[in-house]
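For reference, the structure discussed in these notes is given below.
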Amino acid sequence: MAGAVEEIVRRAGGCAVIDGGFATQLEALGADINDPLWSAACLITKPHLIKEVHMQYLEAGADVIISSSYQATIPGFLARGMLLEEAEGLLRRSIELALEARDEFWKSTLRKSKPAYNRALVAASIGSYGAYLADGSEYSGSYGEDITTEKLKDFHRRRLQVLASAGPDLIAFEAIPNKMEAQALVELLEEENIQVPSWICFSSVDGKNLCSGESFAECLQFLNASDKVAVVGVNCTPPQFIEGIIRELKKQTKKAIAVYPNSGEVWDGRAKRWLPAECFGHKSFDALAKRWQEAGASFVGGCCRTTPSTIRAVSKVLKGKTAYSATQI
């Protein structure tokens, strides 16, 4: 692992806590994210809410907070009639808001007689090409026959350059659904000589393969060969699959493993609502998180429909008595 990544894991007692669902919490604060830009629309309309969500996750014990740029793309902003400079400015703003929240929270922590947290890392979120399309392909990995590795690199290149230059501690490629895109990202990190450590997290619908049906082993071959990728893992995946995925990844890689699944609730696209979580042995999310740590995860958090309450419970169960000792990184 890269220095800062390795250090936050050590400071957290062997397993660092990632934050939880971003759009979920924005909605709880009253934001309307029914928009092609999804939660990134708040960068334009309500940036103060983005900062508030970051603060809530920091208070809950997150060691890593992820920026609001998952669905923030230059083409997406241009389609809203923005100039290129404005689009790039909003990408930078997503990192600035997270950094501001982290630094303000850390200052307030240090003022307390018994400081209670680690100084969090800020990860710049980069969603898949399918997330930009917003046509469901982020859940299938099917981008069409005309999409090539080179086209995917061209799509991601400028966003990666802008976000990496804005000062994050990590680059988080999230919910990558197919091998081609993962390969494009690894090649892009090399071509652009990105010095910020990265993680690449896949999404899975069956717990055995990527959404595309390709195996984790196929993707890990070239991820393992890249020293730009510090962490691999899965997110936006049902929680009942996570323990098995960690065990499979442990066989295939020596890199640190990050997992931050959905709450277990299932989105009903026809009814446009969330259905209750499928039964996974009466285990609460935080109890499962402990099992993920024991299986070998170095980073654990939540994705869709998880909240600061979820992350507070995860932080408590993972850190136990060692939780919340303030340490400078």
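The values are calculated or read from the model by the stated rules, or taken from the named source; none is laboratory data. A quick note: this is a predicted structure, and the numbers were derived from the prediction, not measured. Because the Cβ atoms are built from the backbone with ideal geometry, glycine has one as well, and the counts that use them run over all protein chains shown. What goes into the accessible areas is simple: the full protein's heavy atoms, side chains included, and nothing from ligands, DNA or RNA. Shrake-Rupley method; radii C 1.70, N 1.55, O 1.52, S 1.80 Å.
Using alpha carbons only, how many angstrom separate the centre of region 61-98 from the centre of region 5-20?
What the calculation gives is 25 Å, centre to centre.
Relative contact order of the chain, please, whole-number percent, based on alpha carbon pairs below 8 angstrom and at least 6 residues apart.
Details: 645 pairs, mean separation 74.4, N = 329.
This gives 23 percent for the chain.
Can you give the FRET efficiency for residue 157 and residue 112, using 1/(1 + (r/R0)^6), R0 = 35 Å, r = Cβ-Cβ distance, to the nearest 0.05? Don't skip to the end; give the middle numbers.
On the way: r = 43 Å, r/R0 = 1.23.
Computed FRET efficiency for residue 157 and residue 112: 0.20.
When the gyration tensor of region 91-147 is built from Cα positions, what are the square roots of 5 times its three eigenvalues, in whole Å, from largest to smallest? Don't skip to the end; give the middle numbers.
Details: eigenvalues 306, 27, 10 Å².
Value: 39, 12, 7 Å, ordered largest first.
Which Cα, out of 263, 166, 182, lies furthest along the positive dipole direction of region 3-318 (beta carbon charges, K/R +1, D/E -1)?
Of 263, 166, 182, it is 263.
Using the Cα gyration tensor of region 7-66, with a ≥ b ≥ c the square roots of its eigenvalues, what is the shape: rounded (a/c below 1.5), prolate (a/b larger than b/c) or oblate (neither)? Kindly include the intermediate steps, with their values, before the conclusion.
On the way: a/c = 2.97, a/b = 2.60, b/c = 1.14.
The shape class here is prolate.
Once fully extended, how much extra length lies between residue 275 and residue 218, figured as 0.36 nm per residue of separation less the alpha-carbon to alpha-carbon distance?
Values: separation 57, 0.36 × 57 = 20.52 nm, distance 3.28 nm.
Working it through step by step, the gained length comes to 17.2 nm.
Any chance you could run the full-extension gain for residue 150 through residue 92? It's 0.36 nm times the residue separation minus the Cα-Cα distance, nm to one decimal. Intermediate results must be reported in sequence, preceding the final value.
Numbers: separation 58, 0.36 × 58 = 20.88 nm, distance 2.47 nm.
So the chain would gain 18.4 nm between residue 150 and residue 92.
Take 111, 10, 247 and sort them by solvent-accessible surface of the protein heavy atoms, 1.4 Å probe, largest at the top. Numbers along the way, then the final one.
On the way: 111 180, 10 140, 247 120 Å².
So, going from the largest accessible area down, we get 111, 10, 247.
Pulled fully out, how much extra length does the chain show between residue 191 and residue 133, if you take 0.36 nm times their separation in residues and subtract their Cα-Cα distance?
Numbers: separation 58, 0.36 × 58 = 20.88 nm, distance 2.47 nm.
Extra length from residue 191 to residue 133 when fully extended: 18.4 nm.
Can you list the aspartates and glutamates whose alpha carbon sits under 18 Å from that of residue 316, skipping same-chain ones fewer than 8 residues off?
The reachable aspartates and glutamates, counting only those whose Cα sits under 18 Å from residue 316, are 19, 59, 63, 286, 294.
First select every other residue whose beta carbon is under 10 angstrom from the beta carbon of residue 210; then total the charges, Lys and Arg +1, Asp and Glu -1.
On the way: positive: 179, 208; negative: 181, 206, 214, 218.
Computed value for this residue: -2.
What lysines does residue 319 reach when the alpha-carbon gap must be under 17 Å and sequence neighbours fewer than 8 apart in one chain are set aside?
Those lysines meeting the cut-off are 114, 290.
Just to check, using Stokes-Einstein with a Kirkwood Rh over alpha carbon pairs, what's the diffusion coefficient of region 3-318 at 20 °C and 1.002 mPa s in µm²/s? Intermediate results must be reported in sequence, preceding the final value.
Numbers: Rh = 19.3 Å.
This corresponds to a translational diffusion coefficient of 111 µm²/s.
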